[in-house]
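Undergrad: Structure in structure tokens, see below.
The values are calculated or read from the model by the stated rules, or taken from the named source; none is laboratory data. Quick caveat: nothing in here was measured; it's all calculated off a predicted structure. Reconstructed Cβ throughout: ideal geometry from the backbone, glycine too, with neighbour counts over all protein chains shown.
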Amino acid sequence: MKMKNPQFIIEQYFSWPFILAMILVAANIILAFLEPHAALILAPFILIYIALALYVYITSKTRLHAALQAYAMGASAIHSELFNEMPTPYCMVDEKGYVLWGNRRFEEIVGDDKAAAGNIMQMFPNIHEDMFLEDDVTLELHSDYQGRKYLVDLIRTKVTTEDGSMPSLYNPEMKTIAVYLRDETEETQLRFALDREHIVIGLIYIDNYEEVLEQTEDVKRSLLTALIDRKINRYISTVSGLIRKIEKDKYFFIMKEQFLSKMLDDRFSILEEVKQVNIGNELAITLSIGLGYGAESYVQNYEFARTSMDMALGRGGDQAVVKSNENITYFGGKAQTQEKTTRVKARVKAQAFQELLEARDKVIIMGHANSDVDCLGASVGVFRMATTLGKRAYIVENTITSTILPLKERFLQSDDYPEDMFITGPQAVQMVDNNTVLVVVDCNRPSIIDEPELLKVCKTIVVFDHHRQASESVQGAVLSYCEPYASSACEMIAEMMQYIGGGIKVKGPEADAMYGGIVIDTQEFTNQTGVRTFEAAAYLRRCGADITRIRKVFRENFTDYQAKAAAISNAEIYRNSYAFSTIDSKGLESPTVVCAQTANELLNIRGIKASIVLTLYNDIIYVSARSIDEMNVQVLMEKLGGGGHRTIAGVQFKEGTVSEAIASIKDAIDQMIKEGEVS
């Protein structure tokens, strides 16, 4: 509550005797009419009271004012001294940051620093003039001064008199800010020390343990295992960690968070060290490392480590993944993913998928937006598996690209397939019920999926994909089969088909689509092709895939060929090793496809480690990146928000120009070279 003006209070105090005198006079007048003799007797006493009141008013008012003024001055001095002696550093500044007044503790901190004593912005450079313009707001910021850390509070104040009016000599345009400083140096040091004592939990798996042992002589196997153990144990001991071998090819370790920076600085050098172990084994040994830290409990840190390991394995191994509450960081991933020679996993996943379908009535199949041949082939492969098991299946296609249109027309024009084999995303959303299975193929990133709404409404989700996993992935899948060693999604589906119901007889159009998916993704069996790739292709050939028909489907039109030739002739070579070019999307049916084809062609130039081709289409910049074995283009694209394979990757820019996108990619390449991520 605001106090009244002291002058008004004093005047009110002195007015009461005169008010009482007026009341007594009025009472005496009334008494004169009733009892004249009594009124006559009372009148002298009233006159004496009025005289005494007047005397006290005249003689005491000046002395009372003087006493009150003396008390007020003393109280003000005490108040001022309290502020001056306050242990908290405190000062008043104007809207330009100039110090108007500071208490003794503030002056002790500033010392002989005249610049800081004159302007608070010289003392704390991260304080800006616009911070002083906020009304009724307390701003808190952390800053440093002369080796000490301070929490700075800025509070806007108003200078007024007791009655709320401005002082006569005060400029109403001037803004005054109260500044409080709190020294938090020790608190910060203790917090930092506590953080450094937090526990980091890690897992180390040998990716190709069985494969390496098979190629090693029996008498040398124990020596090989011992050498691997020694290198891993020595590496963990350099960071004062504790490590235990939990299985023949798995390790568990813990360490303090203060040593994590050492691992990050050397980018997990153990990944390269174990590759040097060679006692006759042809395959280089690779590791996967998963670390978790920053959680509130050890159990949560362990879950982070498990998630990191799943990410490392899902991305092909030979890398370290570090996960905290805030982000996921990747290191390594230079080695080519080794193909698994056994089909056990494919058989297990196929049987699990069959059991899942038997308990459901409806199957909705969906790939990524702007479906390509591999996506279409995998979709029709799953369609065939579902229909063979007697389930009603639908394929979601929101956009039909010119690349897949010739293959898709064969299904639309055939009486062997239902008219509603292909449906749109909104139609699929309306069909979903509790007995629906959503199968996502050739994609594990929700942001590029054809109909994201289906992920929200479907309770049962299955994922089949061959891309290396990124931080973003489909959550809640009851069955996930993601193998980055596979050349294509069609290869994975073709393998699974052979274990569904004793083997599935694929029809001609389906075999053509799936075979075409393998051909496109392997660049005609020249990229990421293994034994199992040819086995899958052979299975599809036995099912009726026609190579001549597929070749005719994939022939280019003249406009696309001209655009590709122009892009190749105008290509720019960056750092003598990286080919950059752009595609003009005007007049092209599928600019993104031409973009990818151009990137593939540029790799045929001698000395090129990676090719990057960009095109602006529908206000989005599409980037296709390709390499052979000297650069991991997936890591390159992930730095820009994209992803893909080690040798095939891409990204989309929804803002900026093509020139700005090229500059961003070049900066990312420079960063990879600096960090040693390029062979």
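Undergrad: Cβ-Cβ distance below 6 Å, separation of 6 or more or different chains: which pairs start in region 200-220 with a residue that is over 11 Å from T286 (Cα atoms) and end on one that is part of a loop (DSSP other than H, G, I, E, B) and polar (S, T, N, Q)?
TA: Pairs that qualify, where the first residue is over 11 Å from T286 (Cα atoms) and the partner is part of a loop (DSSP other than H, G, I, E, B) and polar (S, T, N, Q), are Q215/N281; T216/N281.
Undergrad: Go through region 125-140 and report how many residues are loosely packed, with under 14 Cβ neighbours inside 10 Å, modelled with pLDDT of 80 or more and of a type outside the set (D, E, K, R).
TA: Counting residues in region 125-140 that are loosely packed, with under 14 Cβ neighbours inside 10 Å, modelled with pLDDT of 80 or more and of a type outside the set (D, E, K, R) gives 3.
Undergrad: For residues that are part of a loop (DSSP other than H, G, I, E, B), in contact (Cβ under 8 Å) with a residue 40 or more places away in the chain and out of contact with any Gly (no Cβ under 7 Å at 6 or more places or on another chain), scanning just region 474-484, find the one that is surrounded by the most Cβ atoms within 10 Å (Cβ to Cβ).
TA: So the residue we want is E483.
Undergrad: For the structure I just gave you, tell me whether G332 is at positive phi and small (G, A, S).
TA: Taking the combined requirement at face value, the residue satisfies it.
Undergrad: Right, something else. When the residues of region 391-409 are narrowed to those that are assigned to a loop (DSSP other than H, G, I, E, B) and at pLDDT 90 or above, which ends up farthest from the chain's Cα centre (by Cα)?
TA: The extreme case among them is K391.
Let's see how each residue does on (1) surrounded by fewer than 19 Cβ atoms within 10 Å (Cβ to Cβ); (2) aromatic (F, W, Y); (3) modelled with pLDDT of 90 or more:
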site	(1), (2), (3)
K505	yes, no, no
P509	no, no, yes
I518	no, no, yes
Q528	no, no, no
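Undergrad: While we're on this one: Determine whether region 85-95 contains at least one residue that is among the β-branched types (V, I, T) and either at pLDDT below 80 or within 30 Å of L133 (Cα to Cα) (or both).
TA: Checked region 85-95: at least one residue is among the β-branched types (V, I, T) and either at pLDDT below 80 or within 30 Å of L133 (Cα to Cα) (or both).
Undergrad: Collect the residues in region 569-593 that are over 30 Å from D512 (Cα atoms) and either aliphatic (A, V, I, L, M) or in contact with a Gly (Cβ under 6 Å, 6 or more places away or on another chain) (or both), keeping them in residue-number order.
TA: Answer for region 569-593, where residues must be over 30 Å from D512 (Cα atoms) and either aliphatic (A, V, I, L, M) or in contact with a Gly (Cβ under 6 Å, 6 or more places away or on another chain) (or both): A571, I573, A579.
Undergrad: Now for a separate question. Could you give me the residue pairs with C-beta distances under 7 Å whose first residue belongs to region 502-513 and is in contact (Cβ under 8 Å) with a residue 60 or more places away in the chain and farther than 12 Å from K408 by Cα, whose second residue is among the acidic types (D, E) and surrounded by fewer than 15 Cβ atoms within 10 Å (Cβ to Cβ) wherever it lies, and which are 6+ apart or on separate chains?
TA: Final answer for the pair search is K507/D416.
Undergrad: Right, something else. Quick one: which of I448, I423 is closer than 26 Å to D318 by Cβ and surrounded by 15 or more Cβ atoms within 10 Å (Cβ to Cβ)?
TA: Answer to the selection: I448.
Undergrad: Further, regarding this structure: Could you go through region 636-651 and let me know if any residue there is polar (S, T, N, Q), modelled with pLDDT of 90 or more and outside the structural domain of D521 (by TED's automatic domain parsing).
TA: No, region 636-651 has no match at all.
Undergrad: Tell me yes or no: at least one residue of region 234-248 is in contact with a helix residue (DSSP H, G or I) (Cβ under 8 Å, 6 or more places away or on another chain), within 20 Å of E210 (Cβ to Cβ), assigned by TED's automatic domain parsing to the domain that holds M309 and buried (at least 18 other Cβ atoms within 10 Å of the Cβ).
TA: No: zero hits.
Undergrad: Here's another thing I want to ask about it. Quick check: is even one residue across region 443-459 in a strand (DSSP E or B) and either within 14 Å of I365 (Cα to Cα) or at pLDDT 95 or above (or both)?
TA: Within region 443-459, one or more residues are in a strand (DSSP E or B) and either within 14 Å of I365 (Cα to Cα) or at pLDDT 95 or above (or both).
Undergrad: Related question: Here's a check for you: in region 332-371, which residue that is at pLDDT below 85 and of a type in the set (D, E, K, R) is nearest to V396 (Cα to Cα)?
TA: Quick first cut of region 332-371, residues at pLDDT below 85 only: 332-345, 370.
Remaining after also requiring of a type in the set (D, E, K, R): 334, 339-340, 343, 345.
Details: K334: 36, E339: 31, K340: 31, R343: 29, K345: 27 Å.
This residue is K345.
Undergrad: Here's a follow-up. Which one is modelled with the lowest pLDDT among residues in region 274-290 that are over 32 Å from the mean Cα position of the chain (by Cα) and of a type in the set (G, A, S)?
TA: Going through the qualifying residues, I end up with G280.
Undergrad: Yes or no: region 526-539 includes at least one residue that is over 19 Å from S379 (Cβ atoms), in a helix (DSSP H, G or I), in the same structural domain as T388 (by TED's automatic domain parsing) and among the charged types (D, E, K, R).
TA: Checked region 526-539: at least one residue is over 19 Å from S379 (Cβ atoms), in a helix (DSSP H, G or I), in the same structural domain as T388 (by TED's automatic domain parsing) and among the charged types (D, E, K, R).
Undergrad: Among residues belonging to region 253-273 that are part of a helix (DSSP H, G or I) and farther than 19 Å from I228 by Cα, point out the one that is modelled with the lowest pLDDT.
TA: Narrowing region 253-273 to residues part of a helix (DSSP H, G or I): 257-265, 270-273.
After this cut, where a residue has to be farther than 19 Å from I228 by Cα as well, the list is 257-262, 264-265.
Values: E257: 88, Q258: 85, F259: 89, L260: 90, S261: 88, K262: 90, L264: 89, D265: 88.
Result: Q258.
Undergrad: Looking at (1) surrounded by 15 or more Cβ atoms within 10 Å (Cβ to Cβ); (2) closer than 25 Å to I628 by Cβ, find the lone condition where S585 falls short.
TA: (2)
Undergrad: Please specify each residue of region 221-252 satisfying the condition of being touching a strand residue (DSSP E or B) at 6+ places or on another chain (Cβ under 9 Å), in a loop (DSSP other than H, G, I, E, B) and not acidic (D, E).
TA: V239, S240, G241, K248
Undergrad: Just need a number here: residues in region 426-449 that are of a type in the set (A, V, I, L, M, F, W, C) and under 16 Å from G476 (Cα atoms). Please lay out each step first, then the result.
TA: Pass one, region 426-449, residues of a type in the set (A, V, I, L, M, F, W, C): 428-429, 431-432, 437-441, 443, 448-449.
Imposing the further condition that a residue be under 16 Å from G476 (Cα atoms) reduces the set to 437-441, 443, 449.
The total comes to 7.
Undergrad: Let me ask another. Just checking, does region 373-382 include any residue being surrounded by 24 or more Cβ atoms within 10 Å (Cβ to Cβ) and under 28 Å from the mean Cα position of the chain (by Cα)?
TA: Checked region 373-382: at least one residue is surrounded by 24 or more Cβ atoms within 10 Å (Cβ to Cβ) and under 28 Å from the mean Cα position of the chain (by Cα).
Undergrad: Hey, could you check region 401-420 for residues that are in contact (Cβ under 8 Å) with a residue 24 or more places away in the chain and either among the aliphatic types (A, V, I, L, M) or more than 16 Å from A513 (Cα to Cα) (or both) and say which is surrounded by the fewest Cβ atoms within 10 Å (Cβ to Cβ)?
TA: D420
Undergrad: Give region 360-371 a look and list any residue that's buried (at least 23 other Cβ atoms within 10 Å of the Cβ) and either of a type outside the set (G, A, S) or part of a helix (DSSP H, G or I) (or both), or say none.
TA: V363, I364, I365, M366
Undergrad: While we're on this one: Output the residues belonging to region 547-582 that are of a type in the set (D, E, K, R) and either touching a residue at least 60 places away in the same chain (Cβ under 8 Å) or surrounded by 14 or more Cβ atoms within 10 Å (Cβ to Cβ) (or both).
TA: R549, D560, K564, R575
Undergrad: Would you tally the residues in region 197-220 being in a helix (DSSP H, G or I) and either among the aliphatic types (A, V, I, L, M) or not assigned by TED's automatic domain parsing to the domain that holds I246 (or both)?
TA: So the count comes out to 3.
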